[in-house]
Structure formats: structure tokens, C-alpha cells
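Working notes, structure below.
Readers should treat all values here as calculations from the given coordinates under stated rules, not as data from a laboratory. The structure displayed is predicted, hence computed values, not measured ones. Because the Cβ atoms are built from the backbone with ideal geometry, glycine has one as well, and the counts that use them run over all protein chains shown.
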Amino acid sequence: MVSSGGRPEPGAVLDVRNRRLIYATAFLRATATGMLGVELGIYLVTVGLSIEHAGFVIGAGLAGAAVAALAATLTADRRGRRRTLVEVALIGVAGATTAAVASDAWLLGGAAFVGMLNGMGRDRGAGLIVEQAMLSAATADRTRTRALAWYNVLQDAGHALGALLAGIPAVLEQGWGIERLAGHRATIALYAVSLLLTAPLYTRLSPSVEAVPAATPLRVSPGSRRLLVRISALFALDSLAGGFLTTALLSFFFFERFGVGQAGVAALFLGARVLNALSHLGAAWLARRIGLVNTMVFTHIPSSLLLVTVAFAPTFEVAAALFLIREGLVEMDVPTRQSYVLAVVRPEERMVASGMTNLVRLAAWAFAPFLAGLLMSRVALMTPLVVGAALKIGYDIMLYVSFRSVRPPEEIARP
């Protein structure tokens, strides 16, 4: 927005500043989450937990994230978005600090729940819900997908850096002679510090990010309610599948199946997150040409088929190559999915839409890791990969059938 004198109007300047702050906090939080995703499963086993108990702790962390997401959805607009973001960050710091010194499965589970420890390795919690609502309000329909794509690029850049930082325990042990468990605990402490750094940035956001007092975001129209229920049910299925494929459990799969050290696993997930980040820009480009729903479906199905091949790969080199190709496709549905949900509801319903769709994803994620742990220990290491891929393909087919004719505003004018 530019004034008649050629200068940006004050509101436009604030929007740019707010977007940059949101991008910065998303990057920091994603760095912490990416590091924890690779680190958490190996850390829990190193502490002495069985894979079943590790699955319980990972699930508890995701359950805590789901509760926080629900609270943010219901109260952030009323209590203040900036205040909510600061509180979520500080509570996460408290939980992570406890997890960094605990050894008992129940204490670790409690710390994971309170601290919302995210073993998925991808940031999808309360902070993301509030930030997306703020970000979408500062963009037009035609630039919404692009803005969200850049948001996700920076998130996956953070995920990539976090995956690299997950190699810290190996570096400390090999280069400094520090005992392995101490190195793991130091990494969890670094996660807490990364979250702590986001709090002062949130306080610098301008008041314009807060909800308009006259808005009534919890009163969604009947049409939006029906749409959100349908799409949330499908997202729950997709996330149930994703819960079988948390970064923490995939890291354990490569660690146990191929005997790869933590530094090798960290390098693999670094490459995966770089490809995730690049794919977001490709998704925005593709969506402008074939539409949001088509982009979601026709990139997601091939990624699921590739995941099945990873499960049966004969060597780590082959598995790693197939996994990286898969990672170049699997996240292309993320900015397109976010943009689609925010586009097909009214502006004042966006906080609820973001919260509801992310909440069901977190709830499904919380349920699946424990089952995945049982399948890994009692059936085969590869079982969660096959089950997760099959569920994801089913989700893609149902999504296409249900929503191919429900078009966002920017696509309605297309021939």
C-alpha cells in the first residue's frame, strides 16, 4: 500500500515489520522442533526407555501440543495473540528443561505433555495457528499462498538447521570426550534456549496483529462449519498416518535398521528439510497453474509410494536416496493446504479454521506414535512406514473426490 506521495503507508510498513518478526519466530521455533524431532527418539532410548515407552513419551508431547492448540484457538483472540504466543513459548521452555534432566518414563511423559515436545520434527502447534491467522490478515488473496510458502520455507530452513544441530551429541562425544547421555541432555537444553529466544520477539509485534474487537471468530457460518468438519476429518486421517512417521521414529528406524550413527541420521534429515523448504516455493508456482487441491493430491500420492520403497530398501544408501526424493514432494501440500483452508472461509473465521484443522492433526499425531512403537517392536521396524503410506494414499483420494469442485476465490475466475 503506497501513499500519494510515493511512500508506503504506515499500516503497510507495520505489516512488513510484523511479517518479518513472524518469519523470525517461525524460523527459531522450527529450528528447535527440527532438532528435537531427530534427537528425541534416540535420547529417550539412550536414557534407558524401551521403544514402547519412547512412543508413549512422544505421544504425550503431541497430546500436550494438541491441548495448547485448542486453548490458543479458543482464547488467543480474546486474551491477546501476542500474550498467547509468549506464554506458549515460556511453558515450552519449562517442559523442555525438565525433560533435559529427567530419566523416569512417567516424568518424561509429564514434561513432554506440559512442554508440548514435538517428536514430529515439524512445527505444527499453537504458535503456528496464531501466526498463520496473523499472517493471512496481512496479505491479499492473490499473494496469500506465496506469503505462506515463504513462511514454510523459513520453517523448513529452521527444520534443516535443527536436524544438523541434532548431531551435537556425536560431536561432543567424539571431539570432546563428553559422555553420550550428557551430550543428549545438552541438546535438549539447547532446544529450550531456542524457544526462549522467541518470547522477546513476540513482544515487539505491533498491536495491529491482534483480532479486531468487533469480530466474532468463534461463530462460524453453517456453510463454513460443514466444510471445516469435512476437511478436518480428512486431515485427521492424514495426520494419523503422519503419526506413524514422526521424525523421531524415522530416525530410530534408520538408526536401528541400518546401524547409522546419529551424525549420519542428522545429515540425512538436514538434506530432507532443505528439500522440504525448496518444495514450498515449487508448490506456490504449481498451485497457480493447476490449483490448490490438485497440487495437494498429485504431489502427495507419489511421495507415499516412495515411502513404501524406503521400507524395503536393501541398504542405507538406497533408502536415503529414496527418502530424499520423497521429501522433495511430501511437503508440497503444506502451504497449499494452509492457503486453501484460510481461503474458503470468511476472514473473521480464519483463527477457528486454522485452529480446528491444526488441532485435529495434532490429536491424530498424538495417538499414533504409541501404536507405531508397538508395531516396530512386535511386528517389524518397517511396519509403520507401510501403514502410514497406505493411509496417506487413502486420504489423498478422498480429498480429491470431496473438494475438487470447492475452489478458493483466486481460482473461481479461472476458465
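Give, as a single signed number, the net charge of other residues whose beta carbon lies under 12 Å from the beta carbon of residue 353, with Lys and Arg counted +1 and Asp and Glu -1. It would help to have the intermediate numbers written out before the result.
On the way: positive: 225, 337, 346, 350; negative: 348, 349.
Residues near residue 353 contribute +2 overall.
In nm, what is the difference between 0.36 nm times the number of residues separating residue 103 and residue 325 and their Cα-Cα distance?
Numbers: separation 222, 0.36 × 222 = 79.92 nm, distance 3.67 nm.
Residue separation times 0.36 nm, minus the Cα-Cα distance, leaves 76.2 nm.
With angles folded into 0 to 90 degrees, how steeply does helix 262-290 sit against the dominant principal axis of the chain? Use alpha carbons for both and round to 10.
Approximately 20 degrees, to the nearest 10.
Please order 280, 159, 53, 300 by the number of other Cβ within 10 Å, starting at the fewest.
Details: 280 26, 159 32, 53 20, 300 23.
Listing 280, 159, 53, 300 from fewest to most nearby Cβ atoms yields 53, 300, 280, 159.
Provide 274, 406, 130, 352 in ascending order of the number of other Cβ atoms located within 10 Å of each residue's Cβ, fewest first. The partial results should precede the final answer.
Details: 274 20, 406 15, 130 26, 352 23.
Taking fewest neighbouring Cβ atoms as first place, the list is 406, 274, 352, 130.
Defining a contact as two alpha carbons under 8 Å apart and six or more residues distant in sequence, what relative contact order in percent does the range 26-117 show? Could the numbers behind the result be given before it?
Details: 81 pairs, mean separation 36.0, N = 92.
Averaging sequence separation for qualifying contacts and normalising by length gives 39 percent for the range 26-117.
Residues with amide H under 5 Å of residue 381's amide H, sequence separation 5 or more or different chain, H placed in the peptide plane at 1.01 Å from N; which?
Under 5 Å from the amide H of residue 381 lies no amide H from a residue far enough along the sequence or on another chain.
Run the numbers on the chain and let me know its relative contact order in percent, using alpha-carbon pairs under 8 Å that are six or more apart.
Working: 735 pairs, mean separation 110.2, N = 415.
In percent, rounded to a whole number, it is 27.
Helix 383-403 against the longest principal axis of the chain: what's the angle in degrees, Cα atoms only, rounded to the nearest 10?
Around 10 degrees separate the two axes.
Given an 8 Å cut-off on Cα distances and at least 6 residues of separation, report the relative contact order of the range 306-415 as a percent.
On the way: 48 pairs, mean separation 33.0, N = 110.
Normalised by residue count, the contact order of the range 306-415 is 30 percent.
What would the Debye formula give as log10 I(q)/I(0) at q = 0.09, 0.13, 0.14 Å⁻¹ for the alpha-carbon point model of the chain, no solvent?
Evaluating at q = 0.09, 0.13, 0.14 Å⁻¹ gives log10 I(q)/I(0) of -0.50, -1.07, -1.25.
If each residue's Cβ is checked for other Cβ atoms within 10 Å, how do 351, 296 rank with the fewest at the top? Don't skip to the end; give the middle numbers.
Working: 351 28, 296 25.
If I rank by nearby Cβ atoms, fewest first, I get 296, 351.
From the phi angles alone, apply the Karplus equation (6.51, -1.76, 1.60; θ = phi - 60°) to the range 323-329 and give each ³J(HN,Hα) in whole Hz, x where the residue is Gly or Pro.
5, 5, 4, 4, 5, x, 10
For the Cα atoms of the chain, what angle does the longest principal axis make with the long axis of helix 81-99, in degrees from 0 to 90, nearest 10?
Orientation of helix 81-99: about 0 degrees from the principal axis.
Where does the range 84-221 land on Rg(C-alpha)/(2.2 N^0.38 Å)? Before the final figure, lay out the partial values.
Working: Rg = 18.2 Å, N = 138, 2.2 N^0.38 = 14.3 Å.
Dividing the Cα Rg of the range 84-221 by 2.2 N^0.38 Å gives 1.27.
Place a +1 charge on the Cβ of each Lys and Arg in the chain and a -1 charge on the Cβ of each Asp and Glu, then give the dipole magnitude about the Cα centre in debye, rounded to the nearest 20.
On the way: 36 positive and 25 negative charges, 255 e Å.
Roughly 1220 debye for the chain.
From the phi angles alone, apply the Karplus equation (6.51, -1.76, 1.60; θ = phi - 60°) to the range 196-201 and give each ³J(HN,Hα) in whole Hz, x where the residue is Gly or Pro.
Rounded to whole hertz, the list is 4, 5, 6, 4, x, 5.
Quick one: divide the alpha-carbon radius of gyration of the range 286-415 by 2.2 N^0.38 Å and tell me what you get.
Details: Rg = 17.0 Å, N = 130, 2.2 N^0.38 = 14.0 Å.
Output field value: 1.21.
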